[in-house]
Amino acid sequence: MPEVSHLTEPRYTIERDVHGSYIAHDDAGIICLLVPTTGTRPPLERASGDVHLIFRSEGTFTVTGRNFSSAAAIVRCENPSLARTFGVLAQDVATTLRAAEERPAPHAVSRALSRWEELLRSRKQLSRDEEIGLWGELWTLLELHDSSRGLAAWRGPDADYVDFVGGGVGIECKAGMRRLEHWISQEQVTRPLGDHEVFVLSLWVGIDAVGGSSLPDLVARAVAMADDEAALEEKLLSAGYAHADEHRYKIKLRLLEPPQLFPVTSLPRVRTADTGVNHIRFLATLDEETSLPPEKLVAILAKLCA
């Protein structure tokens, strides 16, 4: 028999227990997170996009044949297309709160949810250039030999000057449909990591509707490899990507030649600018003669996860 929790109305069918909180569906099939809480006065209920937070002063939980009463916080996902993302969100919030050890106060639930609400607000329609750029970053992530350390090194979604930083080196990933031609900011070529080595990874990509991979294809591979799906979901949402929007990203790309690695010191740059001119961004053509041998690329990718 399914486990049912009664929190006044509606009734909720519990799907699984996560550290004393419960991922459930209500009678209308809406996925929710139920968190038993202390009876202290809750903050205001709120709706942040498709995620709603409400509180109940008392409810009855029936779990594995055992009944108990508790105040509760209920987090509802009002958009069925976000169910996958919400499942990761609910798992992470429940793991943070660990209600089985000590019931959290309602304000603690509100705080644990706020980080995800902020991330969900980052969701957007990626432009074509942003789609290709994220494709390139995910391609690079999938090439790293240690998925956990690779994910920790991935800083592109945080809008840093360098997309991957780890092991004392940095890699800025540039994917484009013109060979060795990329947009670069002046900050990316002016000691972006101080005295640490920084490299630019140039990926020349083209459309291949038959043999190529779409952005959702690479996301699915990254999810399958991830040891920490919540951390990956945070990165994707920070970049503006949500699983619910995967139908929008249909371009299938593939590399047109092996990637090339360049020391950032070899890149073109603006040598002088008028006083008061900031945030310079320019289109650069990289000099193939300054690219490093393929074995150096393998070594730098390995060092990134060292």
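Roughly speaking, what % of Cα-Cα pairs in the chain are separated by over 31 Å, rounded to a whole number? Summing the P(r) of the chain above 31 Å gives 42 percent of all pairs. Pick from His182, His279, His107: which residue has the top mean-square fluctuation in a GNM of the chain where Cα pairs under 10 Å get a spring? Of His182, His279, His107, the Gaussian network model singles out His279 as fluctuating most.
For the options Gly170, Gly156, Gly39, a Gaussian network treatment of the chain with springs between C-alpha atoms closer than 10 Å singles out Gly39 as fluctuating the most.
Projected over all directions and averaged, the alpha-carbon convex hull of region 138-243 occupies 7.2 nm².
The mean sequence separation of alpha-carbon pairs under 8 Å and at least six residues apart, normalised by the residue count of the chain, gives a relative contact order of 17 percent.
Axis of helix 83-97 versus longest Cα principal axis of the chain: the two differ by about 70°, to the nearest ten degrees. Using C-alpha pairs below 8 Å separated by at least 6 residues, the relative contact order for region 128-304 is 30 percent. Think of each Lys and Arg Cβ as +1 and each Asp and Glu Cβ as -1; about the Cα centre, that makes the dipole of the chain roughly 360 debye. Rounded to the nearest 10 degrees, what's the angle between the helix 106-120 long axis and the longest principal axis of the chain, both from Cα atoms, 0 to 90? Between helix and principal axis, roughly 30 degrees.
Computed from the Cβ-Cβ distance with R0 of 41 Å, the FRET efficiency linking Asn278 to His19 stands at 0.30. Angle of helix 128-143 to the longest C-alpha principal axis of the chain, folded into 0 to 90 degrees and rounded to 10: 90°.
Only helices enter the 222 nm calculation for the chain: every DSSP H run of n ≥ 4 contributes -39,500 (n - 2.57), and dividing by all residues gives -9000 deg cm²/dmol, rounded to 500. As a calculated quantity, the FRET efficiency between Lys124 and Ile207 at R0 = 30 Å, using C-beta atoms, amounts to about 0.85.
Legend: calculated FRET efficiency, Ala302 to Arg115, from the Cβ-Cβ distance at R0 = 35 Å, rounded to 0.05, equals 0.60. Candidates Ser69, Trp135, Ser114 compared by Cα position along the dipole of region 60-160: farthest toward the positive end lies Ser69, with charges placed on Cβ. Treating each Cα of region 128-304 as one equal point scatterer and applying the Debye formula with no solvent, the log10 of I(q)/I(0) at q = 0.08, 0.09, 0.15 Å⁻¹ comes out as -0.24, -0.31, -0.87. Taking other Cβ atoms within 10 Å as a rough exposure proxy, Leu33, Leu142, Leu236, Leu126 sort from fewest to most as Leu142, Leu126, Leu236, Leu33. Fewest-first ordering of Phe86, Phe61 by other beta carbons within 10 Å of each residue's beta carbon gives Phe61, Phe86. Amide H contacts for Leu203 (H built 1.01 Å from N in the peptide plane; partners 5 or more residues away or on another chain; cut-off under 5 Å): Lys174, Ala175, Gly176. Packing-based ranking of 250-256, 129-135 yields 129-135, 250-256, ordered from highest to lowest mean Cβ neighbour count within 10 Å.
Taken over the chain, lysine pairs spaced eight or more positions apart, or on distinct chains, with alpha carbons under 27 Å apart number 12.
The ranking of Thr37, Thr60 from fewest to most other beta carbons within 10 Å of each one's beta carbon is Thr60, Thr37.
Each reported figure results from applying straightforward, stated rules to the coordinates on display, with no laboratory input. Please read all numbers here as calculations on a predicted model, not as lab measurements. Virtual Cβ from ideal backbone geometry, glycine too; neighbours counted across all protein chains shown.
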